[in-house]
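Just below is one structure, and these are the notes that go with it.
The values are calculated or read from the model by the stated rules, or taken from the named source; none is laboratory data. It should be emphasised that the depicted structure is a prediction, and the values quoted were computed from it without experimental measurement. Cβ placement follows ideal geometry from the backbone for every residue including glycine, while neighbour counts extend to all protein chains displayed.
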Amino acid sequence: MKKKRVSDSVTVNRKARFDYILGDELTVGMVLTGPEVRMIRDHHVQLKGSYVAIRNGELWLYGLTLGADTAQNIKLLATKKQIVALEREKVAGSTIVPVKLLGGARHIKLVIALGKGKKKYDKRETIKKRDIERGRYA
């Protein structure tokens, strides 16, 4: 009997949805050590303030908060084709943003997305739409 695969979301970068207009999402693997895996599985992790960059043809996650440690730099696993496509979009003015961390299955994965930064008036519009949906303004 096969076990069902549960892609349990460990943490979500809610600030990313507020600060960026997100486009295509991509799920990538992560190169982690044992203690890092344990902290992620125990939900001692924050994506807030972290970002993804391309260095020497590789994807890197910078500024991941694990437990009491602050700045962890972690290599991400993606195919060359995916990295080249991300690099092409990055040149066009997009940013690579970590959106959520998945850790329910055997492997820990990171969902990244291409994002364009929102201006202050775009953020105000987002707040206004959210308030209208909640029923604050009739």
State yes or no: is Q46 polar (S, T, N, Q) and in contact with a helix residue (DSSP H, G or I) (Cβ under 8 Å, 6 or more places away or on another chain)?
no
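Please verify whether T126 is of a type in the set (S, T, N, Q) and within 16 Å of the chain's Cα centre (by Cα), treating the condition exactly as stated. Full working, then the answer.
Numbers: of a type in the set (S, T, N, Q): yes; within 16 Å of the chain's Cα centre (by Cα): no.
Spelling it out, it is not the case that T126 is of a type in the set (S, T, N, Q) and within 16 Å of the chain's Cα centre (by Cα).
Looking at this structure, is G93 in a loop (DSSP other than H, G, I, E, B), over 20 Å from S9 (Cα atoms) and either without any contact (Cβ under 8 Å) to a residue 40 or more places away in the chain or touching a Phe, Trp or Tyr at 6+ places or on another chain (Cβ under 8 Å) (or both)?
Details: in a loop (DSSP other than H, G, I, E, B): yes; over 20 Å from S9 (Cα atoms): yes; either without any contact (Cβ under 8 Å) to a residue 40 or more places away in the chain or touching a Phe, Trp or Tyr at 6+ places or on another chain (Cβ under 8 Å) (or both): yes.
Criteria met by G93.
What residue, among those in segment 26-56 that are touching a Gly at 6+ places or on another chain (Cβ under 7 Å) and free of Cβ contacts under 8 Å to residues at least 40 places away in the same chain, is surrounded by the most Cβ atoms within 10 Å (Cβ to Cβ)?
Restricting attention to segment 26-56, the residues satisfying the condition of being touching a Gly at 6+ places or on another chain (Cβ under 7 Å) are 39-41, 44, 49-51.
Checking the rest, the ones that are also free of Cβ contacts under 8 Å to residues at least 40 places away in the same chain come to 39, 44, 49.
Working: M39: 18, H44: 16, G49: 13.
Ranking the candidates gives M39 first.
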Within segment 45-90, track down each residue that is assigned to a strand (DSSP E or B) and not hydrophobic (A, V, I, L, M, F, W, C).
Q46, Y51, R55, E58, Y62, G63, T65, D69, T70, Q72, N73, K75
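I'd like the full set of residues that are within 30 Å of M30 (Cβ to Cβ) and in contact with an Asp or Glu (Cβ under 9 Å, 6 or more places away or on another chain), limited to segment 124-137.
Of segment 124-137, the ones within 30 Å of M30 (Cβ to Cβ) are 126.
Result: no residue meets the conditions.
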For segment 96-138, enumerate the residues that are assigned to a loop (DSSP other than H, G, I, E, B) and closer than 16 Å to Y20 by Cβ.
K118, K119
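Just checking, does segment 60-81 include any residue being hydroxyl-bearing (S, T, Y), surrounded by 16 or more Cβ atoms within 10 Å (Cβ to Cβ), at pLDDT 85 or above and within 13 Å of the chain's Cα centre (by Cα)? Explain how you work it out, then say what you get.
Quick first cut of segment 60-81, residues hydroxyl-bearing (S, T, Y) only: 62, 65, 70, 79.
This time we only want the ones that are surrounded by 16 or more Cβ atoms within 10 Å (Cβ to Cβ), so: 65.
Applying the additional criterion that residues be at pLDDT 85 or above yields 65.
Applying the additional criterion that residues be within 13 Å of the chain's Cα centre (by Cα) yields 65.
Within segment 60-81, one or more residues are hydroxyl-bearing (S, T, Y), surrounded by 16 or more Cβ atoms within 10 Å (Cβ to Cβ), at pLDDT 85 or above and within 13 Å of the chain's Cα centre (by Cα).
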